[in-house]
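Inspection log for the structure reproduced underneath, given as structure tokens.
The values are calculated or read from the model by the stated rules, or taken from the named source; none is laboratory data. Since the model is a prediction, treat every value here as computed from it, not as a measurement. Every residue, glycine among them, receives a Cβ derived from its backbone with ideal geometry; neighbour counts consider all protein chains shown. We work out accessible area using only protein heavy atoms, side chains counted, and drop any ligands, DNA or RNA first. Shrake-Rupley method; radii C 1.70, N 1.55, O 1.52, S 1.80 Å.
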Amino acid sequence: MFLVCAPQLFPSIKATPAKNTSGSDELILRMLFSAALVVFVTILAQKLGSSWSGILAVFPVPGIILAVFSHRKLGADYAKVLLKAFCLGLYAFASFTFVLTLTLPVMSVGFAFGLAVMSSIVAQVVTKVTLSRKVLVNT
């Protein structure tokens, strides 16, 4: 339900193409901040439990890092477009984890991951063809 509603909740903005001027120093900073967030969630894992710590390590960490660095480097409008598109990319991730949850208990690891990868590719293509035009065009 969240994935359906989230892109609609973002404010309308005019998407502006941005020139990537990131250097290796920024890449290193992104990696360090990502690692720090994952370590922080891992430290809290005992209090949060495995489900919550797993969710927090996967969903917010990439979004936070992308949003902060994009906003700092390219501005608020670019960060809004990025986060809106990020929400659309989560369909593939959700498909991957859903198929993996269903198939790991009954199939070999290789086959389960193969099906999960295929389902995420299908979800990404379907999302790109159907939703991205509707959601990102109105940006």
State yes or no: is L56 at pLDDT 80 or above and either in contact with a helix residue (DSSP H, G or I) (Cβ under 9 Å, 6 or more places away or on another chain) or among the small types (G, A, S) (or both)? no
Residue under evaluation C5, criteria (1) closer than 29 Å to V129 by Cβ; (2) open to solvent by 80 Å² or more (accessible area, probe 1.4 Å); (3) modelled with pLDDT under 80, criterion not met: (2)
Please identify the pairs in which a residue from the stretch 42-70 that is over 18 Å from L88 (Cα atoms) has its Cβ atom under 6 Å from the Cβ atom of a residue that is of a type in the set (K, R) and part of a helix (DSSP H, G or I), counting only partners at least 6 apart or on another chain. F69/R30
